[in-house]
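As structure tokens, the structure follows; a few thoughts come after it.
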Amino acid sequence: MKLVIAPDSFKGSASAQEVAKALADGFMIALSNAEFDLVPMADGGEGTVEALVAATNGKVITKRVTGPLGEPVDAFFGILGDNETAVIEMAAAAGLNLVPPEKRNPLVTTTYGIGELIKAALDNGCKQIIVGIGGSATNDGGAGAAQALGAKLLDEKGNEIGFGGSELGKLAKIEISQLDSRLKETKILVACDVTNPLTGPNGASAVYGPQKGATPEMVKLLDENLRHYAEIIRRDLGIDVENVPGAGAAGGLGAGLMAFCQAKLKRGVEIVIQAVRLDERVQKADLVITGEGKLDFQTGFGKVPHGVAQVAKRYDKPVVAIVGQLGEGWQKCREWGIDACFAITNRPMDEKEAMTQTLALLRQTAEELGWLLRALICRFSRALCKASSS
């Protein structure tokens, strides 16, 4: 019997790699002769680098880059096992977690460090770069990243504009003659699970600006500046990014990567599924195990268990989800291709207590499910033997 174990992380308590190993350890007690293929998963957000590196036997590289406030920060990116694919988490270089609450101001924060990480991936010979863009502190439309990669964003006097969303209003001309030429030969995929355009009431500034520290007055200015930025991109680069679904993701980084790097936006879990060759691995499985911290109606919007189940159903493989808790709408799991769900708590406990015992509870739940599978397998084997002898 072969099990593919492909969970997401349990946010705040265990990484996807730790979850996968704990589940395998539990199943192994009852199914000692089974074969296990551990495939840590992610959806493009926090933990994507760790999950993809672990699933492909890759490596993590640290790099000092320009942080969101223009000061140096120690960031990281991953190179997958093929040695040609890099994976970057925006939060590592331009994340809201890098900015103290009292300093959050999208008028000044920059994505310059993202461009530096992309350049470092190119320096390492990568031909494909995956960029997860969750958790940003910025609203500069990816202008900083473009500058780090060699684009010239000039004001009316021919001077380079500064960092932050406030500077976009000064933009008069874009020159890309010095843009890193290696980008033309590189495939860049942006893990994007939102459909917001760059500007307008559903755009980057209006929807996400306030959580980054923007006041209503700042939101209006940022939106006007992004609209101006889009107009200059349209005029100088011949690319219309303003109303593309997902262009407003991460303060407009989606738009910037499309404009300057010819990036393609794609659902995060779909990118991860492709990167870890999940289809190929699931085809060889008898049972697929997935999971996440909380399975509820939002899971169906493209989270890891939903994505894993969709792959499994293509090959008619049964899917079991082992989760921290079952939330509102979890019963829809059958519609998504998940055959059964199990929450790991084994007695009344609050969320804080459960999170401190996550790995032990995962092992215990997997062990009990393993004993059930073993009993069923033995029962069916005896029935088949009896039927064949008669």
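Quick notes
- Taking first residues from segment 331-359 that are more than 26 Å from residue 311 (Cβ to Cβ) and partners that are part of a helix (DSSP H, G or I), the Cβ contacts under 6 Å between residues at least 6 apart in sequence or on separate chains come to 345/354.
- Segment 160-175, subset assigned to a helix (DSSP H, G or I) and not small (Gly, Ala, Ser), residue surrounded by the fewest Cβ atoms within 10 Å (Cβ to Cβ): 170
- Listed by position, the helices (runs of 4 or more DSSP H) inside segment 195-266 whose residues that are without any contact (Cβ under 8 Å) to a residue 60 or more places away in the chain and among the aromatic types (Phe, Trp, Tyr) number at least 2 form an empty set.
- Residue that is nearest to residue 71 (Cα to Cα) [pool: residues in segment 105-136 that are among the polar types (S, T, N, Q) and either surrounded by fewer than 24 Cβ atoms within 10 Å (Cβ to Cβ) or outside the structural domain of residue 90 (by TED's automatic domain parsing) (or both)]: 105
- Candidates are the residues of segment 176-194 that are of a type in the set (Gly, Ala, Ser) and either in a helix (DSSP H, G or I) or modelled with pLDDT of 95 or more (or both); the one that is farthest from residue 95 (Cα to Cα) is 177.
- Residue that is farthest from the chain's Cα centre (by Cα) [pool: residues in segment 114-155 that are in a strand (DSSP E or B) and within 20 Å of residue 47 (Cα to Cα)]: 128
- Restricting the first member to segment 286-299 and to residues that are in contact (Cβ under 8 Å) with a residue 60 or more places away in the chain, and the second to residues that are among the charged types (D, E, K, R) and in a strand (DSSP E or B), the beta-carbon pairs closer than 6 Å and six or more apart or on different chains are 286/2.
- Residue match in segment 11-24 (condition: modelled with pLDDT of 95 or more and part of a loop (DSSP other than H, G, I, E, B)): no
- Within segment 84-113, the set of residues being assigned to a helix (DSSP H, G or I) and not acidic (Asp, Glu) comprises 91, 92, 93, 94, 96, 97, 98, 101, 103, 112, 113.
The values are calculated or read from the model by the stated rules, or taken from the named source; none is laboratory data. On a predicted model such as this, the values are computed, not experimentally measured, just so you know. So basically every Cβ, Gly included, is an ideal-geometry build from the backbone, and we count neighbours across all protein chains shown.
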